[in-house]
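The values are calculated or read from the model by the stated rules, or taken from the named source; none is laboratory data. Quantities reported herein were computed from a predicted structural model and do not represent experimental measurements. Cβ coordinates were reconstructed from backbone atoms using ideal geometry, including for glycine residues, and neighbour counts include every protein chain displayed. Accessible surface is based on the protein model in full, side chains and every heavy atom, while ligands, DNA and RNA are left aside. Shrake-Rupley method; radii C 1.70, N 1.55, O 1.52, S 1.80 Å.
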Amino acid sequence: MARKCIYYILLFCIGLACWSMLAHPSLGQDSDAARVLFINSYHRGYSWSDGIEAGLSQRLAESKQPVELSIEFLDSRRFAYGQQRDFLAQAMAVKYDQYRPDVVVVSDNAAFDFAMQYRQKLFADIPIVFCGYNNFRPEVLQGITNITGVNEEIAIMDTVEMALQIHPRTRTLAFIVSTGEESSQRIKDVAEETIFPALRQRFEVVVLADAPIEEIQTRLADLPANTLLFLSGQTSTQGDGRALTPTENGRLITGVSPFPAYTFWDFHMGEGAIGGHIITGPEQGIAAADLVLRILAGESADDIPVIMTSPTRNIFDYRVMRKFGVRPSSLPAGADIIHQPFLVWENYRWQVIGTISLVVLQALLIALLLKIARERRLALRALGKEQARLEERVEERTIALQMANRQLAHLSRTDALTELANRRYFDETLMMEFLRMQRCHHPLSLILLDVDHFKPFNDHYGHVIGDDCLRRIGTEIGHMVRHPPDLAARYGGEEFALILPETDLAGAKALAERLRRRVEELAIPHQFSRTQPYVTVSLGVVMVMAQDVPHAEDVIRLADQALYQAKLQGRNRTIIQAISLPLTPHS
């Protein structure tokens, strides 16, 4: 009986001690530690928010500031979150009534909205740091104080441009978008307003919005081979009693896609996506932790600007790269490659080549020494002389071949009469500069020049005099167009053409007028001209930008229309052609 009483007394004492520690949380812990409450929009095991928590915890642990981190989960993605918010708020009010945080960190939009809705009840006057807020805009904080954070905004155009550098033959871009949640709706709205219209000028753009996985599989199967897929949303396919996680969505979509799938978030990596300009959860958490530490050090949250540019990394999956034949050398410099096996040849290629070369060289030296030992000095001297003569002949022939190749290359792109570029080299250069204009968005100008009434000139003065006339005009054109990358070419017969990259309309017109006046100054007699008693020229000028014309041939057509107008208006003049072509995407 006495033992039983002692047993109950011990249990009572232990319970009283536990109650005391719960009622006074400062007991049994570092009373100097700062209290940080982290409200997670999702649940444990959700890779994105797990990454944010890992980055936040890591950076706080690395700091010299003692921090006690508490974590709450809203589980907003899996279940009927809207019906649970009041209960969650009531539970937090009880838990943190006597345990006030110094800073509250909220990750993703659901936690942000929760904190704003219940701030007066739960976190009045407590600074808030948000992260993972999709497409944040400053007006969201209008009237809200004591708050700062990190924007989560995917760089759709940056990822598309990077993917096009890796896959230059792409003609079709397919996008998965969705509206099932506010952040996905925001991404879709931004893409439709600013991204898709610009891309449709150059590519066929296919948008799959809120589509089930079966429809996505069917639509993708009908697209051409040179297509890229971008995971900027989710499918409408549901899981067993809950919504699919983004990881599960990515695995489903990449599983049915016959094309490389680019993503913007780290939770798709390792699930079939080839890579992208990636926002990662850990980097969001690290950035948020840096803001927390600044607040704990004494800065006001209102004095710390929101980090608008989301931290990103170029990340690629080696296994998916091999599936679609993408070489690591085609990736942007500094890109991270996951799942890349350790290959001796790939990692130590030059060391292996150097070692083999050294062994081979040593073997050759040994063989040579043995040969020298067996042969007489006279035979060796004769061999050396013969070798020297052979090397001289090889060197002479090599130099001759190089000179011949250079001359052949020059002849293949030069007009024999005027020594300007010929028509073939003009076509190649125009196409190259047109593509460069589309990439760099610089102006491109073109001048077409035609000798007025040249047929009567040829008929009456003869072809020898006619060729001399063209040669003199070509010489003057060559003297006035000497700055790379400008190009002067004989376009055909009595026509000349000038390609002027990065030259605006005023510059092109000024050059055309100088050419016209210079030809007049040559004063080449032409008594059979109906314009002047000497040789004159008519010129058509056009300047285009990337958005003006879809094909390089359109630039020539516009300049030719201007030249035609110059002839109709009396010749010996320069006409500028206005842009009037409809915008059509490349096929």
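Of everything in segment 485-500 that's in contact (Cβ under 8 Å) with a residue 60 or more places away in the chain and of a type in the set (A, V, I, L, M, F, W, C), which residue is surrounded by the most Cβ atoms within 10 Å (Cβ to Cβ)? Ranking the candidates gives Phe496 first. The lone criterion from (1) loosely packed, with under 15 Cβ neighbours inside 10 Å; (2) part of a helix (DSSP H, G or I); (3) β-branched (Val, Ile, Thr) left unmet by Thr309 is number (2).
Take the residues of segment 49-80 that are in a loop (DSSP other than H, G, I, E, B) and under 27 Å from Leu244 (Cβ atoms): which is nearest to the chain's Cα centre (by Cα)? Ranking the candidates gives Arg77 first.
Within segment 236-255, residues that are part of a loop (DSSP other than H, G, I, E, B) reach partners that are of a type in the set (Ser, Thr, Tyr) and open to solvent by 30 Å² or more (accessible area, probe 1.4 Å) with beta carbons closer than 9 Å, at six or more positions or on different chains, in the pairs Leu244/Thr237; Thr245/Ser47. Of the residues Asp102, Asp97, the single one that is more than 26 Å from Asn151 (Cβ to Cβ), surrounded by fewer than 18 Cβ atoms within 10 Å (Cβ to Cβ), out of contact with any His (no Cβ under 9 Å at 6 or more places or on another chain) and not hydrophobic (A, V, I, L, M, F, W, C) is Asp97.
Within the bounds of segment 451-470, is there any residue that is closer than 30 Å to Arg202 by Cα and not in a loop (DSSP other than H, G, I, E, B)? Reasoning before the result, please.
Keep residues of segment 451-470 that are closer than 30 Å to Arg202 by Cα, which gives none.
There is no residue in segment 451-470 that is closer than 30 Å to Arg202 by Cα and not in a loop (DSSP other than H, G, I, E, B).
Filter segment 261-278 down to residues that are open to solvent by less than 10 Å² (accessible area, probe 1.4 Å) and assigned to a loop (DSSP other than H, G, I, E, B) and give me whichever is farthest from Tyr46 (Cα to Cα). Within segment 261-278, the match that is farthest from Tyr46 (Cα to Cα) is Ile274.
Could you grab me the full set of residues in segment 540-559 that are closer than 25 Å to Arg514 by Cα and open to solvent by less than 20 Å² (accessible area, probe 1.4 Å)?
Residues of segment 540-559 closer than 25 Å to Arg514 by Cα: 540-545, 555-559.
Within segment 540-559, Gly540, Val541, Val542, Val544, Val555, Leu558, Ala559 qualify.
Taken over segment 405-449, the residue count meeting the criterion of being in contact (Cβ under 8 Å) with a residue 40 or more places away in the chain, in a loop (DSSP other than H, G, I, E, B) and either in contact with a strand residue (DSSP E or B) (Cβ under 8 Å, 6 or more places away or on another chain) or closer than 19 Å to Thr503 by Cβ (or both) is 8.
I need the full set of residues from segment 462-484 which are crowded, with 18+ Cβ neighbours inside 10 Å and under 21 Å from Glu428 (Cα atoms), in order please. Result: Gly474, Ile477, Val481.
Does segment 212-228 contain at least one residue that is polar (S, T, N, Q) and closer than 29 Å to Ile52 by Cα? Walk me through it before giving the result.
Just the residues of segment 212-228 that are polar (S, T, N, Q), to begin with: 217-218, 226-227.
Still in the running and closer than 29 Å to Ile52 by Cα: none.
There is no residue in segment 212-228 that is polar (S, T, N, Q) and closer than 29 Å to Ile52 by Cα.
Out of all the residues in segment 250-260, is one or more in contact with a Pro (Cβ under 8 Å, 6 or more places away or on another chain), surrounded by 19 or more Cβ atoms within 10 Å (Cβ to Cβ) and at pLDDT below 95? No, the conditions are met nowhere in segment 250-260.
If you go through segment 312-331, how many residues are touching a residue at least 60 places away in the same chain (Cβ under 8 Å), over 18 Å from Gly281 (Cα atoms) and open to solvent by 40 Å² or more (accessible area, probe 1.4 Å)?
Narrowing segment 312-331 to residues touching a residue at least 60 places away in the same chain (Cβ under 8 Å): 312, 314, 320, 324, 326, 330-331.
Then drop every residue that is not over 18 Å from Gly281 (Cα atoms), which leaves 320, 324, 326, 330-331.
Pick out the ones that are also open to solvent by 40 Å² or more (accessible area, probe 1.4 Å) and you get 324, 330.
So the answer is 2.
Which members of segment 47-62 meet the condition of being touching an Asp or Glu at 6+ places or on another chain (Cβ under 9 Å) and either aromatic (Phe, Trp, Tyr) or more than 22 Å from Arg85 (Cβ to Cβ) (or both)? Passing the criteria: Ser47, Trp48, Gly51, Gly55, Arg59.
When segment 341-397 is limited to residues that are among the polar types (S, T, N, Q) and open to solvent by less than 90 Å² (accessible area, probe 1.4 Å), the one that is nearest to Ile274 (Cα to Cα) turns out to be Asn347.
For the subset of segment 418-448 comprising residues that are hydrophobic (A, V, I, L, M, F, W, C) and open to solvent by 30 Å² or more (accessible area, probe 1.4 Å), which member is farthest from the chain's Cα centre (by Cα)?
Filtering segment 418-448 down to residues hydrophobic (A, V, I, L, M, F, W, C) leaves 420-421, 426, 430-432, 434-435, 437, 440, 444, 446-448.
Restricting the remaining residues to those that are open to solvent by 30 Å² or more (accessible area, probe 1.4 Å) gives 431-432, 435, 440.
On the way: Met431: 23, Met432: 21, Leu435: 17, Cys440: 13 Å.
Among those residues, the one meeting the criterion is Met431.
Number of residues in segment 501-539 that are open to solvent by less than 70 Å² (accessible area, probe 1.4 Å) and not in a helix (DSSP H, G or I) equals 14.
Tell me, yes or no, whether segment 197-213 has at least one residue that is open to solvent by 30 Å² or more (accessible area, probe 1.4 Å), in contact with a Phe, Trp or Tyr (Cβ under 7 Å, 6 or more places away or on another chain) and either of a type in the set (A, V, I, L, M, F, W, C) or modelled with pLDDT of 95 or more (or both). Looking for residues that are open to solvent by 30 Å² or more (accessible area, probe 1.4 Å), in contact with a Phe, Trp or Tyr (Cβ under 7 Å, 6 or more places away or on another chain) and either of a type in the set (A, V, I, L, M, F, W, C) or modelled with pLDDT of 95 or more (or both), one finds at least one in segment 197-213, hence yes. Can you confirm whether segment 159-177 contains a residue that is within 27 Å of Arg78 (Cα to Cα) and either basic (Lys, Arg) or touching a residue at least 60 places away in the same chain (Cβ under 8 Å) (or both)? Yes: segment 159-177 contains one or more residues that are within 27 Å of Arg78 (Cα to Cα) and either basic (Lys, Arg) or touching a residue at least 60 places away in the same chain (Cβ under 8 Å) (or both). The number of residues in segment 157-178 being β-branched (Val, Ile, Thr) and open to solvent by 10 Å² or more (accessible area, probe 1.4 Å) comes to 1. Looking only at segment 84-109, residues that are of a type in the set (Gly, Ala, Ser) and out of contact with any strand residue (DSSP E or B) (no Cβ under 9 Å at 6 or more places or on another chain) come to 2 in all. Asp317 satisfies every condition listed in (1) closer than 22 Å to Arg169 by Cα; (2) at pLDDT below 90; (3) not β-branched (Val, Ile, Thr) except (2). Among the residues of segment 116-136, is there at least one that is crowded, with 22+ Cβ neighbours inside 10 Å, without any contact (Cβ under 8 Å) to a residue 40 or more places away in the chain and closer than 30 Å to Met269 by Cβ? Yes - at least one qualifying residue is present in segment 116-136.
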